[in-house]
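Input: a single structure, listed below in structure tokens.
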Amino acid sequence: MKQVRLTEDKLREMIAESVRKILLKESGGGRKQVSRDQILDILNQQDDDPKSGGKWATITYVKPVSVYKTKKSWRTEDVQKALDNNSNRGEEDWHKNLTAFNQEGAKGKNPISFVVVAKRYMLHWHTQEDFGKDSTAYGEALRNLRMKNGIGMESDGYLGDNHNQREKFDYAAQQNQTGNLSRDFNMAKADSKKLKKLIFFCDDQGNVITELPEDVLNSMLAPYKERGVEKAVSNVLTGEALEAYAKAKKELDKGYKPTNLLFSQILCIAASVNGESYYYINDKLEAPIAKGGAVNINQQKMIEIAEKLLDENFRELDNYAKSNHG
């Protein structure tokens, strides 16, 4: 009998796959693992029956976040408050190093350099046709608002808004202007209840060092500012007219919050459709640890995280079904 010599990487991959199947079988009951395209088709093909509460799904998306690298815009008091809130982790290296860097007179660079966030969205599923309808309705309403205020328009009423080019495919996917497979979602249809997001501090090789508290991350970011009105509008309107426009546009924006998610950075999807539970895990995740960077977060570690997240995601879906959301 011919013997096949397995490489160390292949053996590790086979062991990981076996462990993953055992874990999901033990914790998942009748859950069915499907490919990315299969789960998209399953969700897209289901009737949106109001009696069943509609379709809900969770998507976990992984992306890098840029934190302050130096003391130039550093928020010392906010960082200290976050450190104090997490004093129970005071013996961990990241806490000690950040505490030292936060002291007056400390120089150098932020010891927490690479941060990656796995954000979970729970959303009322909508097809790409649904998204197109939302986009068209928003565009028409925005155009009418601008016409009402005598604003010169470009791009059919979008006034210079970025129109990303999309190339559609038959298998519920599309290619965006960067050449990457992606999908558009209107996050205004995502539930207002915030699901816990996971925040990871990584080294420069993409290895996860530890999970960070959200308030620590927020203390190292520029404070959030609401998006103001378009420059071309503020060049024309002033005073009460500008305030009225801003208020009206803010109301429009509540119903349309477009987000383009790259398939390469979707870690997992969980969905319960007509009493059946389906899940997808991306074992080829390509999520950079820095914007525009070439180093990705460790794939195997993220697969392990996805396995743990799926149980929680399905519990959230079950809670929604019991609460008759839809």
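The values are calculated or read from the model by the stated rules, or taken from the named source; none is laboratory data. This structure is a prediction, so every number in the text was calculated from the model and none was measured. Positions of Cβ are backbone-derived with ideal geometry, glycine not excepted, and every protein chain shown enters the neighbour counts.
Cβ contacts < 8 Å: first residue touching a residue at least 40 places away in the same chain (Cβ under 8 Å), restricted to region 73-87; second residue in a helix (DSSP H, G or I) and polar (S, T, N, Q), any location; separation 6+ or different chain. Result?
Arg75/Ser219; Asp78/Asn218; Asp78/Ser219; Val79/Ser219; Lys81/Ser219; Ala82/Asn218; Ala82/Ser219; Leu83/Thr99
This table checks each residue for (1) over 30 Å from Asp184 (Cα atoms); (2) within 28 Å of the chain's Cα centre (by Cα).
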residue	(1), (2)
Ala100	yes, no
Asn110	yes, yes
Glu129	no, yes
Leu142	no, yes
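Looking for whichever is of a type outside the set (Lys, Arg), more than 14 Å from Arg36 (Cα to Cα) and part of a helix (DSSP H, G or I) here; the options are Val229, Val233. Which one fits? If you could, list the steps in order and put the result at the bottom.
Values: Val229 fails: part of a helix (DSSP H, G or I).
Checking each option against the conditions leaves just Val233.
Out of (1) touching a residue at least 60 places away in the same chain (Cβ under 8 Å); (2) in contact with an Asp or Glu (Cβ under 9 Å, 6 or more places away or on another chain), what's the single condition that is false for Leu267?
Evaluating Leu267 over (1) touching a residue at least 60 places away in the same chain (Cβ under 8 Å); (2) in contact with an Asp or Glu (Cβ under 9 Å, 6 or more places away or on another chain) leaves (2) as the failure.
Condition first: surrounded by fewer than 10 Cβ atoms within 10 Å (Cβ to Cβ) and within 26 Å of Thr70 (Cβ to Cβ). Now tell me which residues in region 209-242 satisfy that.
Pro223, Tyr224, Lys225
Could you tell me whether Asn260 is under 26 Å from Gln45 (Cβ atoms), surrounded by fewer than 18 Cβ atoms within 10 Å (Cβ to Cβ) and either of a type in the set (Ser, Thr, Tyr) or modelled with pLDDT of 90 or more (or both)? Step through it out loud before you land on a result.
Numbers: under 26 Å from Gln45 (Cβ atoms): yes; surrounded by fewer than 18 Cβ atoms within 10 Å (Cβ to Cβ): yes; either of a type in the set (Ser, Thr, Tyr) or modelled with pLDDT of 90 or more (or both): yes.
Yes.
Step by step: first the residues of region 117-154, then only those that are among the acidic types (Asp, Glu) and farther than 28 Å from Phe314 by Cα, then the one that is surrounded by the most Cβ atoms within 10 Å (Cβ to Cβ). Which residue is that?
Of all residues in region 117-154, those among the acidic types (Asp, Glu) come to 129-130, 134, 140, 154.
Next cut, farther than 28 Å from Phe314 by Cα only: 140, 154.
Values: Glu140: 12, Glu154: 10.
The extreme case among them is Glu140.
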